[in-house]
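Every number in this text was worked out from the coordinates using simple rules, so none of it is lab data. Remember, predicted model here, so these are calculated numbers, not experimental data. Cβ atoms come from the backbone with ideal geometry, glycine included; neighbour counts cover every protein chain shown.
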Amino acid sequence: MWLSGEFPRDLKILRDKKPLVHHFMNFVAMNDAANVTLAIGASPIMAHAKEEVEELASKANVLYINIGTLDEYWVESMIIAGKAASRNNVPILLDPVGAGATRYRTEVVKRILNEAEVSVVKGNGGEMLALAGVAGGVKGVDSIANATMDVAVKIAEEYNVTAVVTGPWDYVSDGKRRIIVKNGTPLLQYVTGSGCMVGSVIASFMAINRDFVKASVEGLVAFEIAAEKAEAKSKAPGTFKQYLIDELFNLTGDDYVRMAKVEVIQ
Amino acid sequence: MWLSGEFPRDLKILRDKKPLVHHFMNFVAMNDAANVTLAIGASPIMAHAKEEVEELASKANVLYINIGTLDEYWVESMIIAGKAASRNNVPILLDPVGAGATRYRTEVVKRILNEAEVSVVKGNGGEMLALAGVAGGVKGVDSIANATMDVAVKIAEEYNVTAVVTGPWDYVSDGKRRIIVKNGTPLLQYVTGSGCMVGSVIASFMAINRDFVKASVEGLVAFEIAAEKAEAKSKAPGTFKQYLIDELFNLTGDDYVRMAKVEVIQ
Amino acid sequence: MWLSGEFPRDLKILRDKKPLVHHFMNFVAMNDAANVTLAIGASPIMAHAKEEVEELASKANVLYINIGTLDEYWVESMIIAGKAASRNNVPILLDPVGAGATRYRTEVVKRILNEAEVSVVKGNGGEMLALAGVAGGVKGVDSIANATMDVAVKIAEEYNVTAVVTGPWDYVSDGKRRIIVKNGTPLLQYVTGSGCMVGSVIASFMAINRDFVKASVEGLVAFEIAAEKAEAKSKAPGTFKQYLIDELFNLTGDDYVRMAKVEVIQ
């Protein structure tokens, strides 16, 4: 399996280094995102004050901008942090939550992409379609599942990023390489912020592996394998979420070797 | 039992349609409210930016305004969203958290009732007493339990809404019909935001059943039956809350038929 | 054991009186802090609007200011509330989250200490070092563990407060008395906001016991004994946190007598 050698090594380094991940996280998922970041082995810090985000984003190992419950103040702070991270070579993960659902969100996402050096953009099908400028709203994504990798490639090329399109399968591309991750469970749809949480795990691996296609796949697989193990303990979303955090905490390199379903498209 | 025919049908429609419930939810309960909304079968979106709430509230199926951690910015956005929802016939549920606890909260609640077309107002005894203009603070509600239905009727008539007064028993009235819901468990008092969560479930049913007295009873019973089933698994609030979400997810129409305790007052 | 007589009595009074604890709590820990406050037996209210914090802080039993996700608006409200609490003899607990991590946080903490009558300051080693004006960042605390009590004493004397420095062991001093609490589990490091939660428990006891060294020790031990009991049920952080809330809810005076590890330094 792809990364069977690198994943166990990177997970170990992650837990040894405990990299600092500065989050702009929405209010809904803030607690879960912090706990997931701790469980995989990194150190989360949530901060949005204009007076301090330049200082924090400059010394963080990764900056994760999730626009889920944005407003004008937060957007201005995201831009300040994004520019500071860019100047200091701190990699940035952008989660364009709700892009396409309102004009404001689509505009904010494009502004961030324009003003900061984003390394990875991760969204669901509807959000990434909106970003790619393809017609279609947040719904109706399933019918075009076959075209999803094309969306990833288009975004990767247009914005010079690694693009991650999440869903039942996840599609990762930097414009050249094309990877499909087939782990996960439909139960994740019933846990709010599961997309935000997988972002925290990807961001954590971005601190360790500067090949961001690999870091994205490592984060996706880590989170989704933990979800599969949690689902074996509970098939209802309340207790499932707690087991998911437990399983991230207990995840081993060997879990990846046994359970990862990663397809590298030639 | 009242609604034994309608509840199973409405629950099925809810899960098929997955209606969009735009929440203004307080920071304390935001994660739980989103998870409860997903568990019952609807789609939550939390958003408060002035730049987008008009657009979102106009296309949502229900708008749920909960003032729990209000401030000036949020109140202005709630008003914008409330007006947009009213213009577009999107029903509004208002949760006047802490009305009576501070003058500011009481004023904000009255302003929202004045400027938007609210369909359902749901609060605990103290909050609803404050709204009804009856003397008495947030405490001391129990001693006047017998008068609670009168408070519901008075609010229903004064503001032309369906009024829901929650507590050990819940009182629902549109000024004409009077219903008491006797499900639930005292353990809910030890889970922060349990009142906010039941609001999310009522709002979800408001998207399906436009008789808002019925939708309120459906939401109350669904949440409180799930709580009773959860209490059978745990009698302590940490694990109880997780089982509560599990049981909402697993709730069936048959649970209503077997467990609902609804009294229609003639 | 120290307080073996007082703790059971204070816990009983706490649960009978259900004191109101006004929280300025960060977004990450707001839900957990509210649930922990309910579980130990007090009543939390989270509010930050400038229009109401003076009114609320004046009638609360304790004000708990946690600066975790501060910004300018929140800081101004904290100051308003802190002054109102001070005028009304409402004791204040201050949690200087991230002091030392950014200049802004260090300045805000000193401003609050200057403008309000703070009774207890509780932080981890790095935060308290920053406050004490001792060189050193947020990391590297372990190497100076032996000097931690000196930091507590220095802060207690400089700011005329009870100082609580948390960590594997916790150090409490009002400048004269020196107490070490040795309960707890390393698993708490993997639960975000565990330091914020212990603050809620200390604040709850501050409403009952006006000897704030004793209230701090009672809160620390209550929380950490609950953590030890929770760890016996789960050694992974997702489910552990739920059991922790359960165990706070089920905590008895006898648990203190059996399990407390408190050292009073002569």
Among residues of segment A:244-259 being buried (at least 22 other Cβ atoms within 10 Å of the Cβ) and in contact with an Asp or Glu (Cβ under 9 Å, 6 or more places away or on another chain), the residue farthest from the other protein chains (Cβ to nearest Cβ) is A:Y256
Condition first: buried (at least 24 other Cβ atoms within 10 Å of the Cβ) and among the basic types (K, R). Now tell me which residues in segment B:7-51 satisfy that. none
Could you pull out the residue among B:S77, B:S86, B:S4 that is surrounded by fewer than 21 Cβ atoms within 10 Å (Cβ to Cβ) and part of a helix (DSSP H, G or I)? B:S86
Could you give every pair whose Cβ atoms fall below 8 Å, whose first residue belongs to segment C:15-41 and is at the interface with chain B (Cβ under 10 Å from one of its Cβ atoms), and whose second residue is among the charged types (D, E, K, R) and surrounded by 24 or more Cβ atoms within 10 Å (Cβ to Cβ), counting only separations of at least 6 or pairs across chains? C:N31/B:D32; C:D32/C:K241; C:N35/B:K241
Test result for B:D211, of a type in the set (D, E) and closer than 21 Å to B:I155 by Cα: yes
So which residues in segment B:42-53 are more than 8 Å from every other protein chain (Cβ to nearest Cβ) and under 21 Å from B:G195 (Cα atoms)? B:A42, B:S43
Is one or more of the residues making up segment B:89-100 under 26 Å from B:Y159 (Cβ atoms), away from every other protein chain (no Cβ under 13 Å) and surrounded by fewer than 21 Cβ atoms within 10 Å (Cβ to Cβ)? yes
Within segment B:212-224, does at least one residue satisfy the condition of being crowded, with 23+ Cβ neighbours inside 10 Å, closer than 24 Å to B:K12 by Cα and without any contact (Cβ under 8 Å) to a residue 24 or more places away in the chain? yes
Would you be able to tell me the number of residues in segment A:22-48 that are over 14 Å from A:L70 (Cβ atoms) and not β-branched (V, I, T)? 14
Can you report the number of residues in segment C:225-243 which are without any contact (Cβ under 8 Å) to a residue 40 or more places away in the chain, away from chain A (no Cβ under 14 Å) and within 17 Å of C:V198 (Cβ to Cβ)? 2
Filter segment C:42-62 for residues that are farther than 18 Å from B:F27 by Cα and touching a residue at least 60 places away in the same chain (Cβ under 8 Å) and give the result. C:A42, C:N61, C:V62
Looking only at residues in segment A:64-74 that are more than 10 Å from chain C (Cβ to nearest Cβ) and without any contact (Cβ under 8 Å) to a residue 60 or more places away in the chain, which one is surrounded by the fewest Cβ atoms within 10 Å (Cβ to Cβ)? A:E72
Being closer than 27 Å to A:D150 by Cβ, within 17 Å of the chain's Cα centre (by Cα) and of a type outside the set (S, T, Y) is true for just one of A:K122, A:K110. Which residue is that? A:K122
Quick test of your reading of the structure: A:I79 fulfils all but one of (1) more than 12 Å from chain C (Cβ to nearest Cβ); (2) closer than 22 Å to B:H48 by Cβ; (3) in contact (Cβ under 8 Å) with a residue 40 or more places away in the chain. Name the failing condition by number. (3)
When you scan segment A:103-123, how many residues do you find that are buried (at least 22 other Cβ atoms within 10 Å of the Cβ) and not hydrophobic (A, V, I, L, M, F, W, C)? 5
Somewhere in segment C:7-17, is a residue of a type in the set (V, I, T) and farther than 30 Å from C:V262 by Cα? no
Taking segment B:187-211 only, how many residues are in contact (Cβ under 8 Å) with a residue 60 or more places away in the chain, within 12 Å of the chain's Cα centre (by Cα) and within 30 Å of C:T37 (Cα to Cα)? 11
For the structure I just gave you, tell me whether C:L56 is more than 8 Å from chain B (Cβ to nearest Cβ), in contact with a His (Cβ under 6 Å, 6 or more places away or on another chain) and buried (at least 19 other Cβ atoms within 10 Å of the Cβ). no
